[in-house]
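Working notes, beginning with the structure itself.
The values are calculated or read from the model by the stated rules, or taken from the named source; none is laboratory data. Just so it is clear, the structure is predicted and the values come from calculations on it, not from any experiment. Please note: Cβ atoms are built from the backbone with ideal geometry, for glycine as well, and neighbour counts cover all protein chains shown. These accessible areas exclude ligands, DNA and RNA; they are computed on the full protein's heavy atoms, side chains included. Shrake-Rupley method; radii C 1.70, N 1.55, O 1.52, S 1.80 Å.
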Amino acid sequence: MKFKGHHIISMTSFSRDMIDSILETAERMEPIALGKQRSGLLTGKILAVLFFEPSTRTRMSFETAMYRLGGDVLNLGSVDASSIAKGETLADTIRVVDGYADAIVLRHPKEGAAQLAAEFSTIPILNAGDGAGHHPTQTLLDLYTIKRESRLEGLKIALAGDLKYGRTVHSLCYALSLYGAEITLISPRELRMPEEIISDLEKRGAKVTETDTIEDAINEVDVIYMTRIQKERFPDPAEYEKVANRLKITPELLTDARPELRIMHPLPRVNEIDTGVDETQHACYFKQAFYGVPVRMALLALVLGAIEI
Amino acid sequence: MKFKGHHIISMTSFSRDMIDSILETAERMEPIALGKQRSGLLTGKILAVLFFEPSTRTRMSFETAMYRLGGDVLNLGSVDASSIAKGETLADTIRVVDGYADAIVLRHPKEGAAQLAAEFSTIPILNAGDGAGHHPTQTLLDLYTIKRESRLEGLKIALAGDLKYGRTVHSLCYALSLYGAEITLISPRELRMPEEIISDLEKRGAKVTETDTIEDAINEVDVIYMTRIQKERFPDPAEYEKVANRLKITPELLTDARPELRIMHPLPRVNEIDTGVDETQHACYFKQAFYGVPVRMALLALVLGAIEI
Amino acid sequence: MKFKGHHIISMTSFSRDMIDSILETAERMEPIALGKQRSGLLTGKILAVLFFEPSTRTRMSFETAMYRLGGDVLNLGSVDASSIAKGETLADTIRVVDGYADAIVLRHPKEGAAQLAAEFSTIPILNAGDGAGHHPTQTLLDLYTIKRESRLEGLKIALAGDLKYGRTVHSLCYALSLYGAEITLISPRELRMPEEIISDLEKRGAKVTETDTIEDAINEVDVIYMTRIQKERFPDPAEYEKVANRLKITPELLTDARPELRIMHPLPRVNEIDTGVDETQHACYFKQAFYGVPVRMALLALVLGAIEI
């Protein structure tokens, strides 16, 4: 399998075999990610970090990934303060940065930005989220978390929150359909997953059920994946409050949960998960954030040709 | 003495022996801090820099300390642009960054933030100032400056400026009381050091005198420690001007000063020290800024277990 | 020739021999700049990046230059967030940073800032542009681009756009006069190159012609150097549009151009060069941006004494 020089734009280009290879590579990276083992795999290499909108966790874990492998990080900095403010196009920015680095990680508010960047870049582009578009490294770290903390084979998973606009959950569901997962969708009526995505998932082999409360699902699944509901989605604040309260995990809700149940969240959370849950064996959202490091290390090492699989 | 894995939250946890050990370690770091000698003591280690308010000197000297020892620096960046703006708690931010780094240096506007962070962190927290709370690395670099440029034993020191709100001077005085210093306090009536601190200092072995002009003290002491007086403390601008003019060091004031007299300032200065003083043998505030580097190198190497004392 | 410890403030201090030596050193740096070869020439060294106004390309290429040679980068960060906002003078900032780094690259909106900084610094200052003053590393990378993509000896070059305020083109013309270049100046009447500069150039050995359209020059020269015209220079927007349209390079204009013709631009471009030109053999503005890396590597290695020429 050849990753060297390839762009990482979207999950749709990955077969299950490719995903498995990436996750296995990430697993080998874990001791280095934890700082228990040192690596000079990317010494002398430079990762350019182009974040046209902030995303602290994603940026920091990419930077950590690069440092753990001995590489350096070149930051575009805030966009207001850059030549983009002088009217430079994304294509021009990419062609300039192309000469300064060995790979580019790009975050952009506009869908399709990563694909556009790839067309103008001679070095690998890693898409760190482009608006309503894709965010493949988030999906890969979610899969990796499930693999490490639960199981990918025969997985029963519930996804709760905003399933209509949530790019993260759509992409994760597609990927999970490759593994034949049983998926329970939990959302308020206003934020249901779009019909065409559900039917797509079923065609690809996933089993999909819908419900609107967490209570029923909690004892049936291996993993609950929580997401944030944005207040702005609701014209009526009272309606938001009602929904937000119903889609919230509390320690009480977990009284009878099986020990194996795992709770995930892409973070930042606001109120979807009570802090009382943090100390239970079910919580794995902070581990999930950490798992972004070995996964991004694997991707960087692969596209830069430092390892082959 | 075991520092590995320990948090550095406040000076109150340090005995005189511990302080002496840190200062001796800093002294060994000086050739590396000056770039005269290379070190790979922290190669492969990552320091996360979480500054919830700007403090350029402190941040830069921590970063330099890490680089001089071969380590890397991961920056949270500006808080407006981070997930904190999305409502993430400090506890959550810390638990996420915990997975990205080997130590965290935290600057925060709220008193107690560093202690809170320490409760949620599995990696060492270094407090780089938490509001009206503590700023132990500033105190240690002040002590180090006194040790290198004057003497800690039998020291006569005058502190001038805002002694009421100045966290820096309170903490330094407590530390100096461990060495039995003779302390002269010079401040306008409105900004006198709080009574309870003075009586505390005396209980701990310091000898404390108060005055309100610099002239008298200047020929009596080994060190004058100047601080900035903030205009905002005075309801009447005219009153501020009067006070600021009285608590100012000029070359004229130093005409008869003993050659050994040293002038310190945590910087940035505004008008408290006339630039004409800079070229005199008394000025040591820029050296003081530099001394932050070996002191922070010592602390980083100690809490990360790279050296033991 | 001794560069170690020297400041790089302006082109006026460089003889032709010195320029040639720097360009030759840059050429040796190219394989490392391209990431094809690794170097530890500046391992353990720290470059402080003090940008008092943004300049993304210049900053990033300096940082890349430092990383490619194994060094580290310490960033002052945005000025609003720094102690400068508390009223610190440039002289004080420089004297503090002097203790944190091995060299300083300074960008400042005020003319003369770099010279001032040099007076207070014990480590080399590299001027990355000081307002209407100098920007020597831009000139050196322009010369390097001409050397690599065309020829410095017997060069015929046209410079187009804002020749009145353009610091970049003034400095480049002075340097080219050392090589006896034939210079064609193309600008609207309002933005003509100042008479005294033209007569200076002629005294130094350059042959200077003026015109106001690109068409005539395009088949006569080896290199066209385009620059951006700022809308703000024109009281009447209609006048700006007229001028901007006349000073624009399009693929049509290049139909009969000699294959050797090279088009340069300091970037960012807005409309001066149609994107249709990018894929032609004439375009070399993105390469020009890249060439900033080996040139800055050469300068850093020289002033830090890592190599001698």
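A few notes on this one:
- Cα gyration tensor shape for the stretch B:129-265, rounded if a/c is under 1.5, else prolate or oblate: oblate
- Accessible area buried, both sides summed, chains A and B with 1.4 Å probe, Å²: 2100 Å²
- Calculated [θ] (222 nm, deg cm²/dmol) that DSSP helices of n ≥ 4 give over chain B, each run adding -39,500 (n - 2.57): -11500 deg cm²/dmol
- Per DSSP, loop GluC sites (Glu not before Pro) in the stretch A:236-286 with at most 10 further Cβ within 10 Å: A:Glu279
- Placing a label point 7 Å from Cα along the Cα-to-Cβ axis, C:Arg151 is separated from the same position in the other copies by 7.4, 7.4 nm, shortest listed first.
- Rotation relating A and C, chain C residue nearest the axis via C-beta, angstrom: C:Ser78, 4
- Karplus-derived 3J(HN,Hα), 6.51/-1.76/1.60, for each residue of the stretch B:21-35, Hz, glycine and proline x: 5, 5, 5, 5, 5, 4, 4, 5, 7, 3, x, 6, 4, 7, x
- Cα long-axis angle, helix B:136-149 against chain B (0 to 90 degrees, to the nearest 10): 60 degrees
- The relative contact order of the stretch A:255-309 comes to 35 percent, based on Cα pairs under 8 Å that sit 6 or more residues apart.
- Distances from B:Ser15 to itself in the other copies, using label points 7 Å out along the Cα-Cβ axis, amount to 6.6, 6.6 nm in increasing order.
- Inter-chain Cβ neighbour average for residues C:35-42, partner chain, 10 Å: 2
- The trypsin sites (Lys or Arg not before Pro) of the stretch B:226-286 include none that meets both conditions, a loop assignment by DSSP and at most 16 other Cβ atoms within 10 Å of the site Cβ.
- Averaged over peptide B:60-68, the number of partner chain Cβ atoms lying within 10 Å of each residue's Cβ comes to 6.
- Given B:Lys45/B:Lys147; A:Lys231/B:Lys110; B:Lys36/C:Lys4; A:Lys147/A:Lys203; A:Lys147/B:Lys45, the pairs whose alpha carbons are separated by over 18 Å: B:Lys45/B:Lys147; A:Lys231/B:Lys110; A:Lys147/A:Lys203; A:Lys147/B:Lys45
- The share of alpha-carbon pairs in the protein assembly as shown lying farther apart than 46 Å comes to 36%.
- Counts of other chain beta carbons within 10 angstrom of each beta carbon in peptide A:88-96 average 5.
- Based on the Kirkwood approach, the hydrodynamic radius assigned to chain A is 20.1 Å, with every pair of different Cα atoms included.
- Across the identical copies, the label point of B:Thr122 (7 Å from Cα in the Cβ direction) is separated from its matches by 4.4, 4.4 nm, in order from shortest.
- Between B:Thr43 and B:Thr275, the simple spin-label model (points 7 angstrom out along Cα→Cβ) gives 4.3 nm.
- Between the helical axis of B:237-246 and the longest alpha-carbon principal axis of chain B there is an angle of about 80 degrees.
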